[in-house]
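Asks: Sharing a structure, written as structure tokens. Questions coming.
No value in this document is a laboratory result; all are computed from the given coordinates. Predicted, not measured: the structure shown is a model, and the values here were computed from it. Cβ placement follows ideal geometry from the backbone for every residue including glycine, while neighbour counts extend to all protein chains displayed.
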Amino acid sequence: MRVPGRHLIAASLLALPIAAISAQQGPKRDVPLAMRSVLHIVLNQGSALSIVGKLGPAQQWSSGEGHDRFVNWCFQSGGGTSGTTLHLMSDDSDMGTEGHQVNVIRILSGSSLALDGHKCGTLKGAGAVSGVGPLSLGATREDVRELLGQPTRSTGDSLVYDLNAEEALDPKSPSFAHWNTPERRKECFEGRSPFVYVGGMIATVFAGDRAQEIRIERYNNAIC
């Protein structure tokens, strides 16, 4: 199962409403549907081609190594300190996907011309991106706890929620028949219909009392 790396990071099986994530109990928690997309780029669906097609041209670069290797794109919106920067990342390790599906949505306060020395594109016809779903830059710690409940980890400047869940394998998937045998159901899925493991994280970084960075990360390509 792919787990988030050392960076600050983040199909709800039951399509839980946002208000319900704080009440979601037990070891399995997933990123709510409403927090899985930004500007029509959807985690585990959006690809390198869809990023350029929907958001405009941007430089693509690689970062990290081994299990923490990513492909990156960044976009600026608004202007200066009142604007924001959108950073998208795709797992480029041996667990990555063909076409570079998006695994990380990161939004930072302030409009940056470049990240890590790489020029950011300018979002086509968009104002500043202020958040992901109901989680917004400028939120207080109390706002985040009210939305997401108690964090897995809390530091001086961040609240972090580790997530793990299971997602049913699409019966239309080319690999469904391979996994949907009595033997593999028993060996891998406790006799149930095939599913993939989901891992990820939601992290909010604060400057003073207000959120200055939001990062949501989700992987759903580990099975058995």
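Asks: Ranked highest first by the average count of other Cβ atoms within 10 Å around their residues, in what order do 159-168, 46-55 fall? It would help to have the intermediate numbers written out before the result.
Replies: Values: 159-168: 18.4, 46-55: 16.8.
Descending mean neighbour count gives 159-168, 46-55.
Asks: With unit charges on the beta carbon (Lys/Arg positive, Asp/Glu negative), name the residue among 193, 168, 56 whose Cα is farthest towards the positive pole of the charge dipole of the stretch 18-222.
Replies: With unit charges placed on the Cβ atoms, the residue in question is 56.
Asks: Taking the Cα centre of the stretch 78-147 as origin and charging only Cβ (+1 Lys, Arg; -1 Asp, Glu), how large is the dipole, in debye to the nearest 20? Present the calculation step by step, with values, prior to reporting the outcome.
Replies: Details: 5 positive and 8 negative charges, 77 e Å.
My answer is approximately 360 debye.
Asks: Same structure, new question: May I ask you to sort 197, 219 by Cβ crowding, counting other Cβ atoms within 10 Å and putting the fewest first? Kindly include the intermediate steps, with their values, before the conclusion.
Replies: Working: 197 18, 219 25.
Ascending number of Cβ neighbours within 10 Å: 197, 219.
Asks: Using the Cα centre as the reference, give the magnitude of the dipole from point charges on the C-beta atoms of the stretch 18-222 (Lys, Arg: +1; Asp, Glu: -1; all else neutral), rounded to the nearest 20 debye. All intermediate terms of the calculation are to be shown ahead of the outcome.
Replies: On the way: 19 positive and 22 negative charges, 88 e Å.
Computed about the Cα centre, the dipole is about 420 debye.
Asks: For the stretch 117-224, what class follows from the C-alpha gyration tensor (a ≥ b ≥ c being the square roots of its eigenvalues): rounded when a/c is under 1.5, otherwise prolate if a/b is larger than b/c, else oblate? Please list the in-between numbers first.
Replies: Working: a/c = 3.29, a/b = 1.89, b/c = 1.74.
It comes out prolate by the Cα gyration axes.
Asks: Which one of 177, 112, 131 has its Cα pushed farthest toward the positive end of the charge dipole of the stretch 18-222, where Lys and Arg give +1 and Asp and Glu give -1 at the Cβ?
Replies: Result: 131, furthest along the dipole toward the positive end.
Asks: When ranked by the protection proxy of mean other Cβ atoms within 10 Å per residue, highest first, what sequence do the peptides 77-90, 107-120 form?
Replies: 77-90, 107-120
Asks: Additional query: Please give the Cα centre distance for the stretch 82-118 versus the stretch 149-222, rounded to the nearest Å.
Replies: 19 Å
Asks: So, counting K/R as plus one and D/E as minus one, what does the shell of residues with Cβ under 11 Å around residue 152 add up to?
Replies: Numbers: positive: 29, 153; negative: 162.
Once positives and negatives cancel, what remains is +1.
Asks: So for 224, 74, fewest C-beta neighbours within 10 Å to most, what's the order?
Replies: Details: 224 11, 74 24.
The fewest-first ordering by Cβ neighbours comes to 224, 74.
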